[in-house]
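See below for the structure under consideration.
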Amino acid sequence: MEENILKQIKAGAKIRVYDATGRFEGIVLARKHGKEDGGTFTVRAEVAGVGMEKIYPINSPAIKKLEIISSPKKVNRSKIYYIRGLSKKKMTKKIGVTI
């Protein structure tokens, strides 16, 4: 993956991932282990009213394309798991991005 895209994948960023199974668009909850071989990022979206999360390895050959839709200027935490329990309105107020 390109270096400039890796820098933009951070908690609170809204991204669209194209992989072997299709397209998945959501908010990045966490990024773990940097650029090393075991590095991953977690993406959360709401599909038909149900929260859904996927964990993608950074160096996965299954990821065909990755688009950064928006990236927040500042999020107070590196892992924003707390948004799982928030409504869309509260999430927008808290991090400035909606699912």
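The values are calculated or read from the model by the stated rules, or taken from the named source; none is laboratory data. Everything numeric here is computed off the predicted structure, so don't read it as measured data. As a convention, Cβ positions derive from the backbone with ideal geometry for all residues, glycine included, and neighbour counts pool all protein chains shown.
Brief remarks on what is shown
- Tally of residues being farther than 14 Å from Tyr18 by Cα, exposed (fewer than 14 other Cβ atoms within 10 Å of the Cβ) and under 12 Å from the mean Cα position of the chain (by Cα) across the range 54-77: 1
- Residues of the range 2-47 that are part of a strand (DSSP E or B) and either over 21 Å from Gly96 (Cα atoms) or of a type in the set (Gly, Ala, Ser) (or both): Tyr18, Asp19, Gly22, Arg23, Gly26, Ala30, Lys32, Thr40, Ala45.
- Here Leu6 does not qualify as surrounded by 14 or more Cβ atoms within 10 Å (Cβ to Cβ), free of Cβ contacts under 8 Å to residues at least 12 places away in the same chain and not charged (D, E, K, R).
- Pick from the range 48-67, criterion out of contact with any Phe, Trp or Tyr (no Cβ under 6 Å at 6 or more places or on another chain) and assigned to a loop (DSSP other than H, G, I, E, B), ranking: modelled with the lowest pLDDT: Gly49
Rundown of residues vs (1) among the acidic types (Asp, Glu); (2) closer than 24 Å to Ser87 by Cβ; (3) in contact with a strand residue (DSSP E or B) (Cβ under 7 Å, 6 or more places away or on another chain), yes/no style:
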| residue | (1), (2), (3) |
| --- | --- |
| Ala11 | no, yes, yes |
| Ile15 | no, yes, yes |
| Ala20 | no, no, no |
| Gly26 | no, yes, yes |
| Lys32 | no, no, yes |
| Thr42 | no, yes, yes |
| Lys54 | no, yes, yes |
| Ser60 | no, no, no |
| Lys73 | no, yes, no |
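- Qualifying residue in the range 34-43 (condition: among the acidic types (Asp, Glu), under 19 Å from Lys73 (Cα atoms) and more than 12 Å from the chain's Cα centre (by Cα)): no
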